[in-house]
Amino acid sequence: MKSMTSTSEKILDIAQSLIVAGGYNGFSYADISAAIGIRKASIHHHFPTKAELVSVLVDRYRQQTEAGLKSLREGISSPAGQLAAYVTYWNSCIRDASLPFCVCAMLASEMQMLPEQVASQVRGHFHSLAGWLTSVLQAGAEDGQFRLEKQPDEEAQMLMASVHGAMLSARALGDPGLFISIVALQIARLQADD
């Protein structure tokens with residue numbers, strides 16, 4: 001059973017890197033087969049359809065993200081510190097190319113073409129992330145760490161768009177440093193004057 005889990009995880013890992021590189025329609029089971037040296041039939045054994053594969057992948061990504069955000073909340077008491085750690089995580093991933101783009105952001109750019117089971121998982125990711133950001137901004141505003149010009153949920157949507165847009169700009173222009181340049185301005189706007 002361990003090898004089956006290991007094979008499934010390898011398939012998911014390769015699929016994730018292929019989606020980040022080229023989107024949902026930018027890969028096939030043949031690409032995964034070539035990358036990990038197994039037959040396409042073996043991939044179909046684990047994931048009968050591409051929609052099922054990507055749905056499981058997004059679910060795994062969502063669970064990892066939610067665990068990471070929960071860990072930030074538990075490990076860092078300051079809302080400003082939590083937000084800084086979230087931004088630092090993405091900045092590091094983009095700079096070292098370990099995770100240069102959010103898989104859900106990549107899939108969101110293809111929403112009209114995604115099977116509903118994948119699209120609903122992607123929407124769920126964005127709702128969950130927006131909820132976390134809203135709670136961080138709300139707590140920071142109550143603490144006097146953030147100065148919000150709009151409601152916390154609206155600020156969360158703007159911040160989320162800024163983070164994902166900065167990922168896109170950094171990628172499009174081949175400039176990893178552009179990410180933090182863009183997002184730092186958004187964070188500075190939120191910080192309360194001392």
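When ALA51 is tested against (1) more than 15 Å from the chain's Cα centre (by Cα); (2) in contact (Cβ under 8 Å) with a residue 40 or more places away in the chain; (3) over 20 Å from ALA15 (Cα atoms), only condition (3) is not met.
Give me the residue from region 177-194 that is surrounded by fewer than 16 Cβ atoms within 10 Å (Cβ to Cβ) and among the aliphatic types (A, V, I, L, M) and, out of that set, farthest from ASN91 (Cα to Cα). In this case the residue turns out to be ALA192. Checking SER162, SER77, SER135 one by one, the residue that is in a loop (DSSP other than H, G, I, E, B), hydroxyl-bearing (Ser, Thr, Tyr) and either over 30 Å from ILE11 (Cα atoms) or in contact with a strand residue (DSSP E or B) (Cβ under 7 Å, 6 or more places away or on another chain) (or both) is SER77 and no other.
Exactly one residue out of ALA85, ALA21, ALA35 is surrounded by fewer than 16 Cβ atoms within 10 Å (Cβ to Cβ), assigned to a helix (DSSP H, G or I) and free of Cβ contacts under 8 Å to residues at least 60 places away in the same chain: that is ALA21. When you look at PHE101, is it surrounded by 15 or more Cβ atoms within 10 Å (Cβ to Cβ) and outside any helix (DSSP H, G or I), yes or no? Spelling it out, PHE101 is indeed surrounded by 15 or more Cβ atoms within 10 Å (Cβ to Cβ) and outside any helix (DSSP H, G or I). Candidates are the residues of region 166-176 that are small (Gly, Ala, Ser) and either surrounded by 17 or more Cβ atoms within 10 Å (Cβ to Cβ) or modelled with pLDDT of 95 or more (or both); the one that is nearest to ALA80 (Cα to Cα) is ALA166.
Only one of the numbered conditions (1) in contact (Cβ under 8 Å) with a residue 24 or more places away in the chain; (2) surrounded by fewer than 19 Cβ atoms within 10 Å (Cβ to Cβ) is violated by LEU133, and that is (2). Once region 46-82 is narrowed to residues that are surrounded by 15 or more Cβ atoms within 10 Å (Cβ to Cβ) and hydroxyl-bearing (Ser, Thr, Tyr), the residue that is nearest to MET113 (Cα to Cα) is SER55. Could you grab me the full set of residues in region 142-157 that are crowded, with 18+ Cβ neighbours inside 10 Å and not in a loop (DSSP other than H, G, I, E, B)? Those that are crowded, with 18+ Cβ neighbours inside 10 Å and not in a loop (DSSP other than H, G, I, E, B): PHE146, PRO152, GLU155, ALA156.
The values are calculated or read from the model by the stated rules, or taken from the named source; none is laboratory data. Since the structure is predicted, the reported quantities are computational estimates derived from the model, not experimental observations. All Cβ positions, even for glycine, are placed from backbone atoms using ideal geometry, and neighbour counts span all protein chains on display.
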